[in-house]
Amino acid sequence: MKSIKSLASAALLLAVSMGFTSCSDDDDKAFVVSFNDPSITMDSKTSAWADVMNENSGQLYYSGFSFSHSVTVTEWGGTKYYSWGGFCPSMSSDVEDRSEAGDWVDHQWGAITGKGLNSGKPYMLAYWDSYGEMGLQKPDVPALEITYNSGNKTFAPQSIAVTNSTWTYYALKKGSYPAVAFGDNDYLYLYINGVKDGKKAGTVKVTLAKGKDILDTWQTVDLTSLGEVNSIYFQMESSDSGNYGMNTPAYFCVDNFKVIVK
C-alpha cells in the first residue's frame, strides 16, 4: 500500500491583507515532538532502546509529553521472562523477512519503511496489549497512552505519521503463527482516541491493512478532529483475533507527532 488518504482533510485558511499572507497564532504554536533524546541509549544489536526490557524503566518523556511503557516479569522454573508493552524508541533499519527463520521476537524492532520520517533520528515502535484491552484483563489505564504534563494540561493533536512494523507487515502477507496471512476480506485497523476531562472526545480510524493491501509507507494522519484533549490512546482491531486477543502481531510505528500546546 503506497499511500492511504487521511481520514479527515484540513481546510487551508488564507487571509490576505495589504499583500501579505498571515498565519494564525495556533500555527505558530504547533510543533513536532522530537524523539531525538541523547539520554536514550540504543542497543548496538537491535538499534532499539537498550532499556526496553529493564523492569525499572518507566514512561518516556519528550517535551513535556509522556509515552507509556511497561515491563512485565514472570518466573517459570526458576527463570525470569521479560516482556514489554507501550512505546519503544527505535532506529532499526531491519526490514528482513524472518518468516522462514521464525525468530521474530529477536527482530521485532523495525518499521517496514526501514527508517523514520526523519532519516537518522528515532521513531517510535508501539506494542498494544490486545490480550488485556480486549476484555480479558481490563487494565485501569490504556497500554498505549500519550499525556501532556501528566494529564494536567490540554493539548491539540494536529497529526501523526504511522506505518506497519516489519513483523506485522510480513505476518499479514505470509502469516506468523498463530497469525494467518490476510485474505481479501481481512482488515487491520488502528484507532486513535482523544480523552478530555475523563471522557472520550473522539476517535480517528486508520487502515493499516485491507485485504492484501498492506501499508508499507509512512502515512500522515489528521488528528484535528479530536480537538483539545488531556491525552490520546491507541487501540487496534484485526479480523484475525481469538480468545486471547489479536493473532496478528500487535505492533505499529509512529513518527512526526505534531501538536499545539494550549
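The values are calculated or read from the model by the stated rules, or taken from the named source; none is laboratory data. Quick caveat, the model's predicted, so the values are computed rather than measured. Here the Cβ positions follow ideal geometry from the backbone for every residue, glycine too, while neighbour counts run over all protein chains shown. Surface accessibility is based on the protein's heavy atoms, side chains included, excluding ligands, DNA and RNA. Shrake-Rupley method; radii C 1.70, N 1.55, O 1.52, S 1.80 Å.
Using a 1.4 Å probe on the protein heavy atoms, what percent of the accessible area of the chain belongs to carbon and sulfur?
47
What relative contact order, as a whole-number percentage, does the chain give when Cα pairs under 8 Å and 6 or more residues apart are counted?
Relative contact order comes out at 25 percent.
Stokes-Einstein at 25 °C, 0.890 mPa s, Kirkwood radius from Cα pairs: D for the stretch 131-189 in µm² s⁻¹?
Stokes-Einstein gives a translational diffusion coefficient of 164 µm²/s.
Once you have the Kirkwood Rh of the stretch 161-250 from its Cα pairs, apply Stokes-Einstein at 37 °C and 0.692 mPa s and quote D in µm²/s. Don't skip to the answer; put the middle values down first.
Details: Rh = 13.9 Å.
Estimated diffusion coefficient is 236 µm²/s.
When ranked by the protection proxy of mean other Cβ atoms within 10 Å per residue, highest first, what sequence do the peptides 248-259, 83-94, 33-44 form?
The most tightly packed comes first, giving 248-259, 83-94, 33-44.
Work out the charge dipole of the chain with +1 on the Cβ of Lys and Arg and -1 on the Cβ of Asp and Glu about the Cα centre, then indicate which of A171, H69, G211 is farthest towards its positive end.
G211
Mean residue ellipticity at 222 nm from the helices of the chain, using -39,500 (n - 2.57) per DSSP H segment of n ≥ 4 over the full residue count, to the nearest 500 deg cm²/dmol?
-1500 deg cm²/dmol
Can you pull the Rg over Rh of the chain, Cα-only, Kirkwood? Present the calculation step by step, with values, prior to reporting the outcome.
Details: Rg = 18.8 Å, Rh = 19.2 Å.
Using only Cα positions, Rg/Rh for the chain is 0.98.
Counting only heavy atoms of protein chains, what accessible area per residue, in Å², does the chain have with a probe of 1.4 Å? Each step should come with its number before you reach the end.
Numbers: 13610 Å² over 262 residues.
I get 52 Å² per residue for this part.
When the dipole is taken about the Cα centre of the chain, and only Lys, Arg (+1) and Asp, Glu (-1) are charged at their Cβ, what size is it in debye, to the nearest 20?
Once rounded to the nearest 20, the dipole reads 460 debye.
Which entries of K173/K205; K29/K196; K174/K258 have Cα-Cα distances beyond 32 Å here?
Listed pairs above 32 Å: K174/K258.
State the dimensionless ratio Rg/Rh of the stretch 106-262 (Rg: radius of gyration of Cα atoms; Rh: Kirkwood radius).
Ratio of gyration radius to Kirkwood radius for the stretch 106-262: 0.97.
Compute the relative contact order of the stretch 130-262 as a whole-number percentage, counting only Cα pairs closer than 8 Å that sit 6 or more residues apart in sequence. Could the numbers behind the result be given before it?
Working: 298 pairs, mean separation 53.2, N = 133.
The value is 40 percent.
Could you give log10 I(q)/I(0) at q = 0.33 Å⁻¹ for the stretch 212-254, computed by the Debye formula over C-alpha point scatterers of equal weight, without solvent?
-1.26
Regarding the stretch 67-183, what is the average projected area of its C-alpha convex hull, in nm²?
10.2
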